[in-house]
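The values are calculated or read from the model by the stated rules, or taken from the named source; none is laboratory data. Every value quoted in this text rests on a predicted model; they were computed, and no experiment measured them. Neighbour counts run over all protein chains shown; Cβ positions are idealised from the backbone, glycine included.
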Amino acid sequence: MSIYLDYSATTPVDERVRPAMDTVMQEAWGNPSSLHQNGRRAKAIVEEVRLKLSQRLNCPPSELTFTSGGTEANNLALVGAALANSAQGRHILISSMEHPSVAKAAEHLQMLGFEVETFNPAQPENELLSDLHAKIRSDTILLSMMYVNNETGIVFPVEMVGTLCRERNILFHCDAVQAFGKIPVSLNTIPADLLTLSAHKIYGPTGVGTLFIRKGVQVQPLLFGGGQEANRRPGTENLPGIAGFGAALDFLDESLNFFNTTKNIQFQLESQLQKALPTLEIIGRRFSRLPYISALSFPSIQNETLLIRLDMAGIAVSAGSACSSGSVQTSPVLQAMGLADEVANSVIRFSFGKYTTIEEVNEAVERIIPLVTS
């Protein structure tokens, strides 16, 4: 039996999502920019999903831009906002535990002459607030901090940081990809100017995401072409993907209601493994964590070696972010937490979803223990 414990990399497409995509490809495949009947029908589908998503996020539909996924949305948020607001300043703050699509975008901005400074988001809130007060300058134009870390499940205080940014007239970008569908995400409570989502983390298809851009926030497009998505993201919309995104939203409450079950699943995995392997280290356990991710260090074995063994044993997991061309490298996130290389290089990420069962976790534990102790 194959056991899938890599939901943070991608979730399987819900079987109820596929019919919506099939219908579009077979019956409503027009270009949403065309003025004829086929085009108008396609455009209606795009706008219906935009409305549905806006109701989930509590924002106007006009503030949502469809992208090819979380990476493009993060790039558009950082690079687009920085370029559009460079006259006000060229200093940017990002957390030291961001997804590569944020960290690499920040590196690109450095090449363009922006000054990028990092801060540690995994510290007590009063210390984090003090740290940010010390680092914010008169020329700081943008701050980026994710909601939930994709490698550890640590939850960061986005409401507090967003409020600080609003008080200091700084744009706040929040990557909420790993939070949406697991906990409520509302723009009534998160004072974000830019917020990123991705469909394939909520049992929708890959290749489609969304960037929320609050009204009045200036973002320079990164692509050049037609005037789609209110001139923010040119290119013909991924209609089947957007339809699948919309269908996945219909079942979002199932995932939200899975929270307590996931807490039990995470507890069973961590407690059973720690009982059998006393040197096992649970990364981030002293912080607020979502139960959907367990980052576990197996000090006696390199994660690359253990990944191969687990794969051969029929267990699908990751060694961190799954957006690095399949490579296994020392995680910048774990390094930012102050972990020694030997610890960081022994971490395996287990992640759970609405199809994960206690039986699967128990079976996984039975397979894992001999792989580590042999």
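Taking Gln123 as meeting all but one of (1) under 28 Å from Ile242 (Cα atoms); (2) at pLDDT below 95, write down the number of the exception.
(1)
When you scan region 99-197 for helices (runs of 4 or more DSSP H) that lie fully inside it, which ones turn up with 2 or more residues that are closer than 16 Å to Ala336 by Cα?
The helices (runs of 4 or more DSSP H) meeting that bar are 100-111, 125-135.
Can you pull out every residue in region 210-237 that is hydrophobic (A, V, I, L, M, F, W, C) and surrounded by 13 or more Cβ atoms within 10 Å (Cβ to Cβ)?
Selection gives Leu211, Phe212, Ile213, Val217, Val219, Leu222, Leu223.
Does region 251-304 hold any residues that are touching a residue at least 60 places away in the same chain (Cβ under 8 Å), part of a helix (DSSP H, G or I) and of a type in the set (Phe, Trp, Tyr), and which are they?
Correct list: Phe259 only.
Within region 77-112, work out how many residues are in contact with a helix residue (DSSP H, G or I) (Cβ under 9 Å, 6 or more places away or on another chain) and under 18 Å from Gln228 (Cα atoms).
Matching residues across region 77-112 total 1.
Checking Gln302 against (1) of a type in the set (S, T, N, Q); (2) closer than 26 Å to Ile358 by Cα; (3) surrounded by fewer than 18 Cβ atoms within 10 Å (Cβ to Cβ), which test does it fail?
Failing condition for Gln302: (2).
Can you tell me which residue in region 111-128 is surrounded by the most Cβ atoms within 10 Å (Cβ to Cβ), limited to those that are over 23 Å from the mean Cα position of the chain (by Cα) and of a type outside the set (Phe, Trp, Tyr)?
Glu115
Can you tell me which residues in region 3-62 are surrounded by fewer than 20 Cβ atoms within 10 Å (Cβ to Cβ), among the small types (Gly, Ala, Ser) and over 30 Å from Glu366 (Cβ atoms)?
Ala28, Gly30, Ser33, Ser34, Gly39, Ala44, Ser54, Ser62
Answer yes or no: is there a residue in region 309-320 that is buried (at least 19 other Cβ atoms within 10 Å of the Cβ) and farther than 13 Å from Asp6 by Cβ.
No, the conditions are met nowhere in region 309-320.
Taking region 42-60 on its own, how many of its residues are under 18 Å from Val177 (Cβ atoms) and of a type in the set (Val, Ile, Thr)?
Number satisfying all stated conditions: 1.
So Pro240 ticks every box in (1) assigned by TED's automatic domain parsing to the domain that holds Val79; (2) surrounded by 14 or more Cβ atoms within 10 Å (Cβ to Cβ); (3) farther than 21 Å from His200 by Cβ but one. Which box is left unticked?
Every listed condition holds for Pro240 apart from (3).
Would you point out the residue of region 265-291, among those that are touching a helix residue (DSSP H, G or I) at 6+ places or on another chain (Cβ under 7 Å) and closer than 15 Å to Glu360 by Cα, that is surrounded by the fewest Cβ atoms within 10 Å (Cβ to Cβ)?
Looking at the filtered set, the residue picked out is Gln268.
Just give me the residues in region 179-206 being closer than 21 Å to Gln218 by Cα and in contact with a Phe, Trp or Tyr (Cβ under 6 Å, 6 or more places away or on another chain), in sequence order.
Ala192, Asp193, Leu195, Leu197
Against the condition in contact with a helix residue (DSSP H, G or I) (Cβ under 9 Å, 6 or more places away or on another chain), modelled with pLDDT of 95 or more and buried (at least 24 other Cβ atoms within 10 Å of the Cβ), how does Gly153 come out, does it pass?
Spelling it out, Gly153 is indeed in contact with a helix residue (DSSP H, G or I) (Cβ under 9 Å, 6 or more places away or on another chain), modelled with pLDDT of 95 or more and buried (at least 24 other Cβ atoms within 10 Å of the Cβ).
Can you find even one residue in region 10-19 that is farther than 30 Å from Gln335 by Cα, in a helix (DSSP H, G or I), in contact with a Gly (Cβ under 8 Å, 6 or more places away or on another chain) and not β-branched (Val, Ile, Thr)?
Scanning region 10-19 turns up at least one residue that is farther than 30 Å from Gln335 by Cα, in a helix (DSSP H, G or I), in contact with a Gly (Cβ under 8 Å, 6 or more places away or on another chain) and not β-branched (Val, Ile, Thr).
Might you check whether a residue that is without any contact (Cβ under 8 Å) to a residue 24 or more places away in the chain, assigned to a loop (DSSP other than H, G, I, E, B) and closer than 22 Å to Val46 by Cα occurs anywhere in region 213-220?
So far as region 213-220 goes, no, none of its residues is without any contact (Cβ under 8 Å) to a residue 24 or more places away in the chain, assigned to a loop (DSSP other than H, G, I, E, B) and closer than 22 Å to Val46 by Cα.
Answer yes or no: is there a residue in region 46-54 that is at pLDDT 95 or above, touching a helix residue (DSSP H, G or I) at 6+ places or on another chain (Cβ under 9 Å) and farther than 24 Å from Gln26 by Cβ.
yes
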